[in-house]
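Heads up, the thing below is written out as structure tokens.
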Amino acid sequence: MTEDLQRWLRHGLMTDPGGEAARLDDLPADVGALCRIIQGVLIHSDWMPAYGLPEPADPSCRTTLPLAERLRLIADRSPQPLTVRRPSSVRSVGTCRDFALMLSGILRHHGTPARVRCGFAAYFDKDRWEDHWVCEYRLPGEAHWRRADPQLDEILKERLAIGFDATDVPPDMFVTAGEAWRWCRTKQSDPSAFGQGAARGLWFVRVNVVRDHYALNDSETSAWDSWRRAIGLHELVTESDQEATDLVATHPENAATTVIAPPWLA
């Protein structure tokens with residue numbers, strides 16, 4: 001079955017640059033160059049001390065923004081073209097999802113199929129897989145998706161001792177949530193190896209399976225982003241939960257037929 005790449009060229013609400021589209025027109029097509037441009041206008045909230053800046057006091061900076069709104073914020077801070085690298089203190093503060101979303105939106109704007117993926121990275125902690133978001137894209141003439149992590153600039157590459165190409169992240173360095181789920185379900189991996197900080201286990205892998213599913217269906221943000229509200233019984237995954245998640249993990253790109261609500265919001 002031939003994959004419908006046109007699907008990954010159409011903007012969703014989060015990737016649409018809207019009235020800011022003209023700011024993307026003159027950007028280069030090269031993915032590496034685009035990653036460097038994004039790194040010059042965004043900074044990750046969790047890594048600000050690495051750039052000589054204090055940790056942000058406002059937790060709202062962790063809220064993923066639509067690309068159009070992000071571009072407006074960048075312009076408000078500095079009206080120069082996006083190709084002009086900003087000092088760290090002037091960059092717009094976001095998270096890994098904002099980096100991935102921006103790259104995905106720019107690539108779609110220039111006719112390259114792209115999409116945001118939720119999963120786990122192995123390069124932040126050598127002993128476990130950390131919750132992370134990247135951008136997948138398809139180059140002309142290729143039959144496979146490449147994964148790019150536009151967050152990985154020279155500072156982070158040095159800090160994390162990264163030697164791989166951040167525009168083509170190898171499969172042993174990032175796995176989608178569905179891949180992680182299948183590893184856990186077939187006993188290939190310990191679920192406690194997957195999560196964010198102290199929040200770990202099969203329940204968190206399930207969180208990312210659903211978030212990845214929604215991201216592939218033009219909902220890069222969802223109620224499942226409120227996972228920090230989960231407590232106690234919310235972290236239990238029933239047999240029926242597992243069976244339902246098996247289906248989503250196998251084909252996360254399939255259109256959602258029902259809304260999957262997080263148990264802590266029930």
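Where a number appears in this text, it was derived from the coordinates with a stated rule and is not lab data. Everything numeric here is computed off the predicted structure, so don't read it as measured data. We place every Cβ from the backbone using ideal geometry, glycine too, and count neighbours over all the protein chains shown.
Going toward the positive end of the dipole of the range 5-265, with +1 on Lys and Arg Cβ and -1 on Asp and Glu Cβ, which of GLY232, THR15, LEU152 do you reach last? About the Cα centre, the residue reaching furthest to the positive side is THR15.
Report, in whole Å, the centroid distance computed from the Cα atoms of the range 185-214 and the range 62-99. Cα centroid to Cα centroid, the span is 30 Å. Using the alpha-carbon atoms, what tilt in degrees (0 to 90, nearest 10) does helix 67-77 show relative to the longest principal axis of the chain? So the helix axis and the longest Cα principal axis differ by about 40 degrees. Coupling constants for the range 142-158 follow from the phi torsions by the Karplus curve (6.51 cos²θ - 1.76 cosθ + 1.60, θ = phi - 60°), and in residue order they are 9, 9, 9, 8, 9, 10, 10, 10, x, 6, 7, 8, 5, 5, 6, 4, 5 Hz; glycine and proline get x.
Label reach from ALA29 (point 7 Å along Cα→C-beta): in the range 88-129, amide nitrogens under 20 Å belong to 103-115. How much net charge surrounds ILE38 when only other residues with a Cβ under 13 Å from its Cβ are counted (Lys, Arg +1; Asp, Glu -1)? Cβ neighbours under 13 Å give a net charge of +3. Nearest 10 degrees, 0 to 90: what angle lies between the long axis of helix 202-215 and the longest principal axis of the chain (Cα atoms)? Compared with the principal axis, the helix lies near 50 degrees. The longest stretch of the chain left intact once loop-based GluC sites (Glu not before Pro) with at most 16 other Cβ atoms within 10 Å are removed from consideration, loops following DSSP, is 4-141. Cα extents for the chain along the principal axes, largest to smallest and rounded to whole angstrom: 54, 46, 37. Label separation (LEU13 vs ALA256): 1.0 nm, computed from points 7 Å beyond Cα along the C-beta direction. Approximating the spin labels as points 7 Å out from Cα along Cα→Cβ, the LEU160-to-HIS234 distance works out to 2.7 nm. Most tightly packed first, judged by the mean number of other beta-carbon atoms within 10 Å of their residues, the peptides 31-39, 92-100 read 92-100, 31-39. DSSP beta bridges confined to the range 5-265 are antiparallel in about 75 percent of cases.
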